[in-house]
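Shown next, in structure tokens, is the structure this report addresses.
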Amino acid sequence: MSVRTITPEELFEKMRAQEEFVLVDVRAEEKYNDFHIENSNVSDMNIPKTEIFRLEDESEENIAMLPMNQELIITCTTGNSATKCANILSGRAYDVVVLEGGITAWIEFMNKK
């Protein structure tokens, strides 16, 4: 099962268009606190991947703070963990999209702007 992806440029355009979505950063809290994608019209949250991985092991169906009815854009450092998390979440009926290349690609894109 392949999860949809979005490029940094597409994400930037979505933000510019004031589209509503939730950005879920699955990196460790300290990395998130160092830097994360922020925008006035974006709800961003940090849910470390370990919490999402736990969904696989436990009978818990979902993560209470994650909205079911909104697009979730999942990001990590390079995109690998985000893809694993997105697969778990989409298996639980969340609407997920992975940021291609993760925060690393986002920073590169923003530095070129």
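The values are calculated or read from the model by the stated rules, or taken from the named source; none is laboratory data. In this text, all values refer to a predicted model and were calculated from it rather than measured experimentally. Note that we place each Cβ from the backbone using ideal geometry, even for glycine, and neighbour counts take in every protein chain shown.
Residue count for the stretch 76-104 satisfying the condition of being on the phi > 0 side of the Ramachandran plot and part of a loop (DSSP other than H, G, I, E, B): 3. The residue list Ile37, Ile52, Ile73 contains one member that is in contact with a helix residue (DSSP H, G or I) (Cβ under 8 Å, 6 or more places away or on another chain), crowded, with 19+ Cβ neighbours inside 10 Å and in a strand (DSSP E or B), which is Ile73. All of (1) touching a Pro at 6+ places or on another chain (Cβ under 8 Å); (2) without any contact (Cβ under 8 Å) to a residue 40 or more places away in the chain hold for Gln18 with one exception: (1). Here Met68 meets the list (1) modelled with pLDDT of 95 or more; (2) closer than 25 Å to Glu13 by Cα almost entirely, failing just condition (1). The set of residues from the stretch 23-34 being of a type in the set (A, V, I, L, M) and buried (at least 18 other Cβ atoms within 10 Å of the Cβ) comprises Leu23, Val24, Val26. If only residues of the stretch 2-13 that are in contact with a Phe, Trp or Tyr (Cβ under 9 Å, 6 or more places away or on another chain) and either surrounded by fewer than 17 Cβ atoms within 10 Å (Cβ to Cβ) or at pLDDT below 95 (or both) are counted, the one that is nearest to Lys49 (Cα to Cα) is Thr7.
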